[in-house]
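Trainee: A single structure is presented below for examination.
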Amino acid sequence: MSELGTARMPLRVAIVGSGPSGFYAAEALIKAEPQIHVDMFDRLPTPFGLVRGGVAPDHPKIKSVTRVYDKIAGTPGFAFWGNVTVGRDVAIEELARFYDAIIFASGAETDNRLNIPGEDLKGSHTATEFVGWYNGHPDYRDREFDLSAEVAVVVGQGNVAMDVSRILAKTIDELKETDIADHALDALAESKVREIHLIGRRGPVQAKFTQPEIKEIGELSDCDPVLEPGALELDPSSQAELDDPDNKHSQKNIAVLQSFADRGAPVKNRRYHIHFLKSPREIRGESHVESLVLERNRLEGEPFRMKAVGTGEMEELACGLVFRSVGYRGVALQGVPFDEKRGVIPNIDGRVVAGSEVVPGWYVVGWIKRGPSGVIGTNKPDSQATAAALLDDIPKLKPCAHRDGVELMDLLRSRGVRFVSFADWQRIDDAEIERGKLKGKPREKFTRIQEMLDILDLK
Ligand SMILES: Cc1cc2nc3c(=O)[nH]c(=O)nc-3n(C[C@H](O)[C@H](O)[C@H](O)COP(=O)(O)OP(=O)(O)OC[C@H]3O[C@@H](n4cnc5c(N)ncnc54)[C@H](O)[C@@H]3O)c2cc1C
């Protein structure tokens, strides 16, 4: 019988990724009975995944969830290894020598494509790039967005599309006291964007955005929401969906949209146009985006199973910027099974599978497990379920050969990797907060990895 999970032989678990799903998995394991040591790796020196690099800067309350993660990080048996890219700085097979189990929590770091002509023209960007840029993610820090255009289009109607379009629609006064990165604030201060178009392929009843997000659009200081005439006229199946007493999501959204339709003519300097039943077919321009061709759709099918079908009726919307926000996708980790079609690590109830075989000791949580859906809280039960599977498997796990972190430290050091502990991160955090105070912001993020490491004198 294996001694794993006893005081003599604590279970050693590596978690790859320090976003919400990684932290909730760590919490579930540490709270469980057996003796467990959790090492959490992240490719950035900063923890928290999309809570730091995705959640919009003007939604600070949502970010306060990091206090829960701080507590988890402070528990005995937990260690953070920031600035370590698993699959590059240390191979999966190498990591497996130091841990009895590995949990992949690496999120969904790239975007789905529209697969239409002109998608790669200058001025056409993914939501990921723009979000990463305004949130100071080191990968996107040096991206450039030409905000000299008057018209910007955001394709998609999920909450990420709402974030992107709202940031474009806000004034500098509405943003300057947030933790938005300074380079983005400077660029947005010069923005000429006055018309923002949000494009959805289905109707207002099927729109994915949630009521708080759409309501905010009606509360912007210098931007009016605009609906096309007849935008809220519903086909019979959509009406049936709306009339379903359980469909509170759509009822709340429609109430807000109706209040927009009831407003008088726009009076503010910017306008936020909400389009339904349109799909992008082509982005046109010589060397830069000049217009977006949209096909009008109709809905077909039973209530709650309706599909958008092109009608062949086209319209061309002149614009200088296009942001594509049509879903995130996971990125394969070298040496780990990957479902190319779905962009996730294939698994059965959180146990990683290769073909039809479970890979012993490998688990998965969060967006890389189930795809990019759900809010931060959705990850908690999901991670708890995977942690429970791992705990059930303890008697079957093969103990790893190297049972302390010193050799792993030596290996990383020999490769010139400057790993960052949680205490190190707290020093970076303090420095960011200090910098922010000077500007009336909650923090001024460091946007280059070297700047973060310099704070730690880790030259
Ligand atoms: C733009 C945007 C805005 C959002 N806003 C909200 C919101 O307002 N409210 C809300 O509730 N939810 C929001 N969400 C959803 C929420 O962020 C996700 O549910 C959640 O972050 C998913 O958690 P995760 O741990 O699976 O992935 P992530 O949060 O993406 O964390 C993955 C982590 O893995 C790390 N990583 C990746 N590859 C490697 C590697 N090879 N080695 C080491 N580390 C690696 C990454 O650096 C990252 O830190 C938003 C999502 C997006 C995209």
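Trainee: What residues from segment 317-339 fall in the zone where the backbone N is under 14 Å from a label point 7 Å along the Cα-to-C-beta line of THR85?
Mentor: 331-334
Trainee: Based on the alpha-carbon gyration tensor of the chain and its eigenvalue square roots a ≥ b ≥ c, which shape applies: rounded if a/c is under 1.5, prolate if not and a/b is larger than b/c, or oblate?
Mentor: prolate
Trainee: While we're here: Can you list which of the trypsin sites (Lys or Arg not before Pro) found in segment 249-341 are DSSP loop residues with at most 15 other C-beta atoms within 10 Å?
Mentor: ARG263, LYS268, ARG305, LYS341
Trainee: Which pairs in the list LYS31/LYS380; LYS122/LYS369; LYS61/LYS437; LYS192/LYS437; LYS268/LYS441; LYS170/LYS445 are over 24 Å apart, alpha-carbon to alpha-carbon?
Mentor: LYS122/LYS369; LYS192/LYS437; LYS268/LYS441
Trainee: Run through segment 1-96 and list the trypsin sites (Lys or Arg not before Pro) located in a DSSP loop whose Cβ has at most 15 other Cβ atoms within 10 Å.
Mentor: In loop regions of segment 1-96 (DSSP not H, G, I, E or B), the sparsely surrounded trypsin sites (Lys or Arg not before Pro) are ARG8, ARG88.
Trainee: Moving on to the next point. Which is the longest run of the chain containing none of the GluC sites (Glu not before Pro) found in DSSP loop states (not H, G, I, E, B) with at most 12 other C-beta atoms within 10 Å?
Mentor: Excluding the exposed sites themselves, the longest stretch runs over 4-143.
Trainee: Quick one: of the DSSP bridges fully inside the chain, what percent are antiparallel, nearest 5?
Mentor: 35 percent
Trainee: Can you pull the one-decimal nm distance between simple spin-label points at MET9 and ARG281, each 7 Å off the Cα toward Cβ?
Mentor: A separation of 6.5 nm, rounded to one decimal place.
Trainee: Please order MET162, MET409 by the number of other Cβ within 10 Å, starting at the fewest.
Mentor: Least to most surrounded, the residues fall as MET409, MET162.
Trainee: Taking 0.36 nm per residue of separation and subtracting the Cα-Cα distance, what length does fully extending GLU300 through ASP186 add?
Mentor: Fully extending the segment from GLU300 to ASP186 adds 36.5 nm.
Trainee: How many nm is it between the label spots at ARG403 and GLN450, if each spot is 7 Å from the Cα in line with the beta carbon?
Mentor: The modelled label-to-label distance comes out at 4.3 nm.
Quick note: the coordinates plus some simple rules give every number you see, no bench work behind them. Bear in mind the structure is a predicted one, so any value in this text is a computation, not a measurement. Every residue, glycine among them, receives a Cβ derived from its backbone with ideal geometry; neighbour counts consider all protein chains shown.
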